[in-house]
Structure formats: structure tokens, C-alpha cells
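Here the structure is laid out as C-alpha cells; the discussion comes afterwards.
The values are calculated or read from the model by the stated rules, or taken from the named source; none is laboratory data. Given the structure is predicted, the values throughout are model-derived calculations rather than measurements. Cβ placement follows ideal geometry from the backbone for every residue including glycine, while neighbour counts extend to all protein chains displayed.
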Amino acid sequence: MARIVVLQHNPHAHAGRLGRTLRDHGFRLDVRRPDLDPDQVPSDIDDLHGLVILGGHQNVDENHAFLAREQALIRAMHAAERPVVGVCLGSQQITVALGGKVDRMPEPEVGMTPIRLSVPGQTETILAGVPWSCPMLHSHAYHAVTPAPGATVLASSDKSKVQAYKVGLRTYGFQFHFECDIPMVSEMFDRSQELADRAGLSRAQLDAQLAEHAEMFDRAADRICTNLAVCAFTFQELLSV
């Protein structure tokens, strides 16, 4: 069974709907916690089919031993043209690893607000079936200000111009949290209260956003997960491993 390593950076920011979708498509997830032990970052890619780097409260400019190790792994997987998917911190890690720039935002982006697909994003297979403007979940205080060389920006928002991008054949970064299901949205807000306060978002406002947008968010997020499972972590390669 093909193995996908998932790098998780706290107990609560797990792979969510993305993990369930990958398992449903026959992949084995090898979940690692490099925040607890940097040695959990694989040092070689010989038997590694794909890589998912999740979010976390850490930032790319902080002194964590696992950050540099993850970046080295990202470069190796990208050079081998194997699937790499980063979410939030993971997306920022890909940007830095491949030569782009990440910086602190003037104010955080938190809550369920729209992303807009770029012209390339409107024809990108991974975003097939996703509305050209749709609500996504945000919870971040850093973002990419300069994409990695050769990256194609697929989506943006009012506060972050690089919300989704593709580099090379199968390396994808997503600043927004499509991996979260609705229970995870509430838990993320509860555990990021300070960030939400800085963004000026109350729990009542988040609940109103969920009431308005949850159905479309669920449909679009599920579609991204399925597209990744089928088109990035390809079934043909699963059979050949």
C-alpha cells in the first residue's frame, strides 16, 4: 500500500477530511509529529509516495529544529516530482523551501471569507468543480509575499494574494484550511482566540459565517480533497508501488 507521510504540528491540527479522503482512496497515512521530535521528519524518500504538511501555531521564522528538516524533505520530494501538499504553515514551508518569501501580515486573516480563483486556477485540475469565488476557512498571521520561483498562483483573497499555488508537476500549497470539517472549524477558533481577537472576529460572527457558508464550504473543500486524491496522488502510481 502506498505510503503518504503527514507532518502534524500539534494534537488538534490533524488531516481531517483530507486524511479521510486519502484513506478512502486506498492510501496509508503515516502521521508524524516533528514538533515533538524533529527526528520524525523522514531523512530519505525511497519508499515515500507523497507528503502532506499541515498547519500549526508555529511560524517559519521561529527557532524550531523541525522547520529546516521539513524544508529539506520538501525539496527532495519536489525534485523527485512526487506529490507534496502543504496547508497553512505547510504551504509557507513549501514557499520558503523552494525559494519564495513568507512574512507577517499587517493583521491576521481569520474566519470564513472568500477566495477567488485566478485565471490559471479556473482551469487547474486540482480546483475542478470549485466555484471561482467561494468561502474558505482562514486562520493565519503569516502569508507568502513572494511565491517560489516558477509557482503559478491559483487563488487569492483580499488579505492574501497567494492563497493557493502550484509549483512544478505535483507540489501544491494552500493557505486556507480546506482540510477542516465543521467541528474542526469551531475547535480551531477556540484554540486561536488571540488570533481571532487581533483580527476582530467574535465567536458570534464566526457562527454567522458558518450558518451562511458551511454548505458551500463543505462542497468545495470535499472537491479539493477528492481532486488531490485522484489527480495528485495518482491512482495509477498507487497500483505500481
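Going through (1) exposed (fewer than 15 other Cβ atoms within 10 Å of the Cβ); (2) in contact with a strand residue (DSSP E or B) (Cβ under 7 Å, 6 or more places away or on another chain); (3) not aliphatic (A, V, I, L, M) one by one, residue 109 falls short only on (1). Which ones in the range 42-74 are part of a loop (DSSP other than H, G, I, E, B) and more than 21 Å from residue 179 (Cα to Cα)? 42, 43, 44, 45, 46, 47, 48, 61, 62, 63, 64, listed by residue number.
Residue pairs whose Cβ atoms lie under 7 Å apart, separated by 6 or more positions or on different chains, with the first residue in the range 118-142 and under 12 Å from residue 224 (Cα atoms) and the second assigned to a loop (DSSP other than H, G, I, E, B), are 136/176; 136/178.
If you go through the range 151-203 and keep only what is among the aliphatic types (A, V, I, L, M) and at pLDDT below 95, you end up with 169, 182, 184, 185, 188, 195, 196, 199, 201.
With respect to the stated conditions, residue 228 is within 18 Å of the chain's Cα centre (by Cα) and either at negative phi or not β-branched (Val, Ile, Thr) (or both). Close contacts from the range 11-22, counting a first residue that is under 14 Å from residue 55 (Cα atoms) and a second that is polar (S, T, N, Q) and surrounded by fewer than 19 Cβ atoms within 10 Å (Cβ to Cβ), with Cβ to Cβ under 6 Å and a gap of 6+ residues or different chains, come to none at all. Of all residues in the range 46-84, exactly one satisfies the criterion of being modelled with pLDDT of 95 or more, closer than 24 Å to residue 187 by Cα and in contact with a Leu (Cβ under 6 Å, 6 or more places away or on another chain), namely 53.
Among the residues examined, residue 166 does not qualify as of a type outside the set (Phe, Trp, Tyr) and without any contact (Cβ under 8 Å) to a residue 24 or more places away in the chain.
Okay, residues lined up against (1) surrounded by fewer than 16 Cβ atoms within 10 Å (Cβ to Cβ); (2) more than 14 Å from the chain's Cα centre (by Cα); (3) closer than 29 Å to residue 71 by Cβ:
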| position | (1), (2), (3) |
| --- | --- |
| 151 | no, yes, yes |
| 160 | no, yes, yes |
| 173 | no, no, yes |
| 179 | no, no, yes |
| 182 | yes, yes, no |
| 187 | yes, yes, yes |
| 194 | yes, yes, yes |
| 201 | no, yes, no |
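Picking from residues in the range 213-234 that are within 24 Å of residue 111 (Cα to Cα) and among the β-branched types (Val, Ile, Thr), the one that is surrounded by the most Cβ atoms within 10 Å (Cβ to Cβ) is 224.
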